[in-house]
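Note sheet for the following structure.
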Amino acid sequence: MKLLLLSKRILLSVFLATFLINYTFSVAEESPELKEAFENIELEYHKLRFYLHPDLKGELTTDEVKNRLVKYVEDLNFIFAKQTIRRFTFNPDSNLVFTLVQPHSAYFPGGGCDMPRSGYEIWIHAVLTDNPLYGTYGGSASFDSSGAGVASRLKWDAIHDRDSLTGGSDELKQYWRQLNHITHEVEHIFGAGISEYYNLNIVKDSTMVEPIHHINLFDPEDLFWGQRQDYWADPLTINIWDNNLVGNPTTYEDLMNTIGFANVTVAIINSSSRRCLIETLPDLNMTQIYVTDEITGLPLTDTYVSIWKVRSVFPYTAELIVDNITDPLGMVEFEWGGTFSNFNNLFLVKAFHSGYESKAKWASIFDAQEEKMVHQNNHFPVHLSLRPVTGIVSSNGTTVETNILKQNYPNPFNSTTTITFSLEKTAKVNIKIYNSLGRLIRILVNETESIGENKIVWDGKDDIGQRVASGAYFYQVHTDNFTSTKKMILLQ
Ligand SMILES: [Zn+2]
């Protein structure tokens with residue numbers, strides 16, 4: 001019976017997560033649809049306990065502290081009630097402790113696999129900041145041996161009275177940071193953001209292989225984050241105070257109304273998937289890359305696919321782990337594998353096909369989680385569609401040469417291969433050859449070349465005249481207004 005109830009709960013959570021995918025927040029109150037959705041679902045209540053360093057009390061009486069903390073809890077409930085089944089209860093008379101020491105907590109290996117799925121307490125532990133100029137910062141998620149989740153070592157400037165804070169004030173900013181940091185750590189406690197969404201805010205493409213595709217959350221044109229706007233107001237990604245992605249909120253109402261969780265965060269919080277990472281991931285033993293023609297939608301067979309594992313923290317090193325050709329289904333498989341950390345949460349896929357523009361696409365562990373948690377898929381497909389290269393059609397209907405880099409011929413090759421490129425005007429041209437690790441091995445051309453079609457032969461030797469080993473190489477043509485890179489295979 002208990003098992004049956006549990007699976008009913010999971011189904012309802014899944015329903016809620018699915019329901020909420022396209023949900024946009026109403027202002028200050030839950031929408032009728034959301035209320036109805038919650039009516040069918042048993043809410044999960046968590047007892048909150050505050051463990052505060054006595055220095056935080058300052059001049060306040062204990063009653064004043066209690067009154068203020070009750071408002072913190074109201075605001076946390078507002079934030080979590082927008083999208084999740086989680087609610088918090090707080091009895092200030094029994095669950096506020098002033099203490100000089102951190103409440104006992106221990107790190108459980110496996111991301112809290114042994115922890116209860118629901119019903120546990122959540123503890124909030126804060127000390128006075130050691131950086132008065134900056135004020136509020138810090139915090140980490142841990143688990144107490146009793147089963148409680150702990151948002152610990154939060155550093156606060158003060159215990160604020162929400163109702164006396166004015167828009168744009170430093171005090172409101174500090175209070176907001178506190179709410180943001182508590183929410184961030186509580187999201188972790190429920191299992192979200194293993195290896196941290198915010199590490200993906202900025203990632204450099206260090207592959208040295210065109211097309212180069214950096215990730216930059218703060219670039220309005222960014223392709224990666226542009227497709228993941230649900231992350232923009234999530235405290236696991238960023239603090240929304242004065243954040244232009246979500247309209248620079250600095251008033252209490254704007255902040256409360258703007259904050260929200262990414263779709264995958266909602267699914268994770270509702271199902272409390274912190275129990276085990278494996279429950280939140282599709283089968284990654286065979287992650288599939290599918291390449292199609294952007295115009296016809298048909299599979300692109302014989303496409304070169306390179307996949308790098310990219311470290312999502314500085315210095316963003318890229319390790320080439322797959323170099324393969326798509327099968328008749330336009331597909332390449334690879335094993336993601338390993339444990340998940342900032343060294344293993346992000347892949348960059350690049351596809352190269354003669355007659356098509358090359359393309360780069362990032363795939364993160366969070367996309368894989370979303371595939372399973374939100375879309376209920378047990379596989380993680382990554383799709384790339386390539387656009388055919390077309391010339392510019394002139395008024396009399398003939399094709400005018402534009403800057404074009406063609407696929408080398410022959411390819412694969414054994415002794416020499418010819419690289420053909422067309423220039424729309426005479427230009428200074430640089431042609432460089434890189435090995436599969438992105439290391440420059442030969443500057444083949446560094447001179448002015450004439451308008452129209454040009455050919456250059458590579459003899460398979462590096463800059464010091466030595467034959468290079470079998471493998472994949474990249475050739476890059478660069479002029480003032482044109483850069484293009486293609487891949488070639490040398491077989492000895
Ligand atoms: Zn974190």
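Each value in this text was obtained by applying a stated rule to the coordinates, not by laboratory testing. Just so it is clear, the structure is predicted and the values come from calculations on it, not from any experiment. For neighbour counting, all protein chains shown are included, and Cβ atoms are generated from backbone atoms with ideal geometry for every residue, glycine included.
Scale the Cα Rg of the range 257-353 by the rule-of-thumb value 2.2 N^0.38 Å and send over the ratio, two decimals.
Details: Rg = 16.6 Å, N = 97, 2.2 N^0.38 = 12.5 Å.
For the range 257-353, the normalised Cα radius of gyration comes out at 1.33.
How would Asp293, Asp234 line up from fewest to most surrounding beta-carbon atoms within 10 angstrom? Display every interim value, and only then the final one.
On the way: Asp293 18, Asp234 25.
Going from sparsest to densest Cβ surroundings: Asp293, Asp234.
Each residue of the chain gets 200 Å³ once the volume of the Cα convex hull is shared out per residue.
Taking Cβ atoms as reference points and 11 Å as the exclusive limit, the residues near Thr265 contribute a net charge of -4, counting Lys and Arg as +1 and Asp and Glu as -1.
From the helices alone, meaning DSSP H stretches of at least four residues, give me the mean residue ellipticity at 222 nm for the chain, per-run term -39500 (n - 2.57), in deg cm²/dmol to the nearest 500. The partial results should precede the final answer.
Numbers: 9 runs with 100 residues, N = 492.
Computed mean residue ellipticity for the chain: -6000 deg cm²/dmol.
Place a +1 charge on the Cβ of each Lys and Arg in the chain and a -1 charge on the Cβ of each Asp and Glu, then give the dipole magnitude about the Cα centre in debye, rounded to the nearest 20.
Numbers: 41 positive and 59 negative charges, 231 e Å.
Dipole of the chain, to the nearest 20 debye: 1120 debye.
The alpha-carbon positions of the range 400-490 define a convex hull whose volume is 83 Å³ per residue. For the chain, the relative contact order is 11 percent, taking Cα pairs closer than 8 Å that sit 6 or more residues apart in sequence and dividing their mean separation by the residue count. Fully extending the segment from Thr251 to Asn131 would add 40.7 nm, taking 0.36 nm per residue of separation and subtracting the current Cα-Cα distance.
Taking the Cα centre as origin and putting +1 on Lys and Arg beta-carbons and -1 on Asp and Glu beta-carbons, what dipole magnitude results for the range 380-492, to the nearest 20 debye?
Once rounded to the nearest 20, the dipole reads 320 debye.
Relative contact order, whole percent, for the range 415-492 stands at 33, derived from Cα pairs under 8 Å and 6 or more residues apart.
Shown is the FRET efficiency for Gln466 and Ile295, computed with R0 = 60 Å from the Cβ-Cβ distance and rounded to the nearest 0.05: 0.90.
In this structure, the residue pairs whose Cα-Cα separation is over 30 Å, taken from Lys82/Lys173; Lys425/Lys487; Lys82/Lys350; Lys350/Lys461; Lys71/Lys204, are Lys82/Lys350; Lys71/Lys204. Each of Ile79, His188, Thr301 was scored by the projection of its Cα onto the charge dipole of the chain, and the greatest displacement toward the positive side belongs to Thr301; charges sit on the C-beta of Lys, Arg, Asp and Glu.
What's the whole-number percent of alpha carbon pairs in the range 143-235 lying beyond 21 angstrom?
Values: 2290 of 4278 pairs.
Looking at the range 143-235, the distances longer than 21 Å represent 54 percent of pairs.
Evaluated on the range 173-212, the Kirkwood hydrodynamic radius is 12.6 Å, with distances taken between all distinct Cα atoms.
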